[in-house]
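Comments concern the structure below.
What follows draws every value from the coordinates through simple rules; no lab data is involved. Values in this document were obtained by computation on a predicted structure and should not be read as measured data. All Cβ positions, even for glycine, are placed from backbone atoms using ideal geometry, and neighbour counts span all protein chains on display.
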Amino acid sequence: MIRVEQLRKQFGSVTAVDDVSFVAGDGAVTGLLGPNGAGKTTTLRMLYTLMQPDAGRIMIDDVDAVANPLAAQARLGVLPDVSGLYPRLTARENVLYFGELQGLTGTALAARTDALLDRLDMRAIADRRTAGFSHGERTKVALARALVHDPRNVLLDEPTNGLDVMSTRAVREIIRRLRAEGRTVLFSSHVMQEVSALCDTIVVMAHGRIVASGTPEALRAETGQQTLEDAFVALTGLERETAE
Amino acid sequence: MSRWLQMLVVTRKELRDAFRDRRAIYSVLFGSLVGPVLVGVMFNAIADRQREIEDVTVPVVGMAHAPALVEWLRQQSGVTVVAGPADAEVAVRERREDVVVVIPEDYAKKFRASQPVELQVVSDGSRTASRPKVQRVRALLQRYNGEVAALRLIGRGVSPAVVTPIRIQDREVSSAQQRAAVILNFVPLFIVLASFTGGMQIATDSTAGERERGSLEPLLVNPAPRMAIAGGKWLASALSAALSVGITTTLCLLLLRAIPLQDLGIRFRLGPGQIWWLLVAVLPLCLLSTAIQTYLSTFARSFKEAQTYMGYLIMVPTLPGLLSSVYPITSQPWMYPVPILGQHLLAGDVLGGKAPSPLMFALAALSATATAAILVHLTTRMLTKEKIVFGR
């Protein structure tokens, strides 16, 4: 469970995130939807404690992420917007390294890594260096790395960005499985289909603020639009901007 | 899991990662080998020069005019007499010969009449390389002069001592080992340099390289204290630097043992303990050199920028070395706790055969380690800055 209250972040005179509050519950997928520059990545970076909020509160389960960042990180599995693998290490070594940093050791780590590599269908590439991997393969390794310590909460920053159809389907499948396992999944996206296909709750962001939130149906009803895409455009004020 | 264990996890990963990189291996090897190779080449050149002086070939013009002199020259050890070129001056000017002795036609006549004979020693004073050889030839002729004079005096019933009011005796005050240390000055320099070249690749690749690849952000998402991350990377580069220092030191000492230093007039004895003292002197520097490198590379915006800093940084350890080879520095106690300079002096002392003072070793090691700790702390703090983690 992730609870965010009145989060604010300023870069110089620009307010990147302003008064953002939402709750992402257990066993549910929450989508952070918004155009580029809406403040999604900044919000996530504050959640995984690499950025300090200027105001507000973040609770990961029952841990205050601002006061106790390391404990919060132990409860989080994170896929940042760059996969950033080590090209000279094999896929397995990349996963093992992060597992060790999470405090796993020995057979427990080996077993967990094996299981993940299996589940992500990576057996064939597990012991190859990641230098020549495709974008889809890199994303899978990064996902395995994020999940190695069996986190209760999973943050994914644009997980399907730039992936081909098969890899996108695989990632969606993983997200559904994480939900079925009762985890909290929070992911950001600017792709409508993505969000409508997966999310139980949608949090729509624009210009650093939350402009709407609720189930896909509720959002459609609220804006009086037939499709979610129209609802999105209406909510974020994109149309108005283009008109101006 | 304790932060120390996490630090070791980071260290192990960085070492494994680096030694799969050919560039890293080459940079360690090149940094370790360049010193020993250059030392070998330098000593070879000195040995060649020395041999040239000892085994001297003297071209003589007009040998037939002074058979006794030529015969005496031939009997001197290491001397070979050959017929000189007809155009002695031209030959020397054109550098075909270093020195030519010209015996005049009236040698025998004047010698019999006990008149001074003018022997010409043709040489080019602007050529420093041939100077020892010229001096050797001149000394040989002086000695012959002295012997003949002594015989003549004895023949006339005069003791040769009468015409020798003073006799000069050279006494060198620096010990043979100290003189050796002047020539061996380069060895400490190369060992100190190895502590900088050996860890450079890991220091830059694991910090600036990590950021450029975009792997710093995922790395910092793990619940490892920044100190474990910064410390682990630093320790990996320090170990790599220590490896390089070990290789350089061992090879240099093996080389010095293999070279017949006695033949060069250097009484230089390497005890088995010296390699340990050398390592004790320089290894703490590995902690500092790599701490500086890790700090600068974390600060750098890119791998390239980091490498530029490394290029400037490598000039720092050469400064005391360069200065001391131009103005031989007399070591003062205050110099030992100065990082880099202290290690350089200690290494020079060990090779020069001076009794090592444990206090100075401890002071030098302590100051290097303390400075390193401060730098690692600053690197740790830098890793908490959003501007560093997410680029500028």
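Descriptive notes on the structure:
- Residue-averaged [θ]222 nm for chain A, counting only DSSP H segments that reach four residues, each worth -39500 (n - 2.57): -11500 deg cm²/dmol
- From helices alone, chain B scores -21500 deg cm²/dmol at 222 nm; the rule is -39500 (n - 2.57) for each run of n ≥ 4 DSSP H residues, then divide by the residue total.
- Rounded to the nearest 10 degrees, the angle from helix B:186-204 to the longest Cα principal axis of chain B is 20 degrees.
- Temperature 4 °C, viscosity 1.567 mPa s: under these conditions the Stokes-Einstein estimate for chain A, based on its Kirkwood radius over C-alpha pairs, is 70 µm² per second.
- Over the range B:1-41, volume per residue of the alpha carbon convex hull, in Å³: 64 Å³
- FRET E, pair A:M59, B:L319, Förster distance 56 Å, beta-carbon r, rounded to 0.05: 0.55
- Distance-filtered residues of the range A:50-66 - backbone nitrogen under 15 Å, label point 7 angstrom along B:R3 Cα→Cβ: none
- Chain A, relative contact order [Cα under 8 Å, separation at least 6], %: 28 percent
- Highest mean packing first, where packing is the average number of other Cβ atoms within 10 Å per residue, the peptides A:54-60, A:121-127 line up as A:54-60, A:121-127.
- Angstrom value of the Kirkwood radius, inverse mean 1/r, which spans all Cα pairs in the range B:1-141: 19.7 Å
- Table column - 3J(HN,Hα) (Hz), the range B:285-294, Karplus curve with 6.51, -1.76, 1.60, x for Gly and Pro: 5, 4, 4, 6, 4, 6, 5, 5, 5, 5
- Percent of Cα-Cα distances greater than 38 Å, calculated over the protein assembly as shown: 55 percent
- Scanning residues 5 or more positions from A:A206 or on other chains, those with amide H under 5 Å from its amide H are A:V211, with H placed 1.01 Å from N in the peptide plane.
- Its Cα centre serving as origin, the range A:135-175 has a Cβ charge dipole (Lys and Arg +1, Asp and Glu -1) of approximately 80 debye.
- Relative intensity of the range A:144-236 on a log10 scale, I(q)/I(0) at q = 0.16 Å⁻¹, equals -0.71, per a Debye sum over C-alpha point scatterers of equal strength in the absence of solvent.
- With a Förster radius of 45 Å applied to the beta-carbon distance between B:A68 and B:M42, the computed FRET efficiency rounds to 0.60.
- The charge dipole of the protein assembly as shown, taken about the Cα centre with unit charges on the Cβ atoms of Lys, Arg (+1) and Asp, Glu (-1), comes to about 2160 debye, rounded to the nearest 20.
- Once both labels are positioned 7 Å from their Cα atoms along Cα-to-Cβ, the gap between B:V326 and A:F11 label points is 4.8 nm.
- One Cα centroid belongs to the range B:179-248, the other to the range A:61-75; the line between them spans 33 Å.
- Length-normalised contact order for the range B:285-392 - Cα pairs under 8 Å, 6+ apart - percent: 40 percent
- Separation between Cα centres of the range B:268-319 and the range B:363-383, rounded to whole Å: 13 Å
- Long pairs among B:K110/B:K133; B:K13/B:K354; A:K40/A:K140; A:K140/B:K233, criterion Cα-Cα beyond 31 Å: B:K13/B:K354
- Across the range B:188-322, Cα-Cα distances exceeding 17 Å account for 63% of all pairs.
- Computed on the Cα trace of chain B, the radius of gyration divided by the Kirkwood hydrodynamic radius gives Rg/Rh = 1.21.
- Counting all C-alpha pairs of the range A:6-99, share separated by more than 22 Å (%): 37 percent
- The calculated FRET efficiency for B:E94 paired with B:L29, based on their beta-carbon distance and R0 = 41 Å, is about 0.40.
- Once the convex hull of all Cα atoms in the range A:28-172 is built, its volume per residue stands at 125 Å³.
- Residues whose amide H lies under 5 Å from that of A:L156, counting only those 5 or more places away or on a different chain, are A:L79, A:L186, A:F187, A:S188; hydrogens are built 1.01 Å from N in the peptide plane.
- Shape index of the range A:1-59: Rg/Rh, with Rg the Cα radius of gyration and Rh the Kirkwood radius from the inverse mean 1/r over Cα pairs, equals 0.95.
- Residues whose placed amide H lies under 5 Å from that of B:N222, excluding near-sequence neighbours: none
- Sequence of B:Y309, B:Y327 once ranked by neighbouring C-beta atoms within 10 Å, starting from the fewest: B:Y327, B:Y309
- 3J(HN,Hα) couplings calculated from phi for the range A:41-46 with the Karplus curve 6.51 cos²θ - 1.76 cosθ + 1.60 (θ = phi - 60°) are, in sequence order, 5, 4, 4, 5, 4, 6 Hz; Gly and Pro show x.
- Rounded if a/c under 1.5, otherwise prolate or oblate - the range B:286-379, Cα gyration tensor axes: oblate
- Counting neighbouring beta carbons within 10 Å and listing from fewest to most, the residues B:M7, A:M205 come out as B:M7, A:M205.
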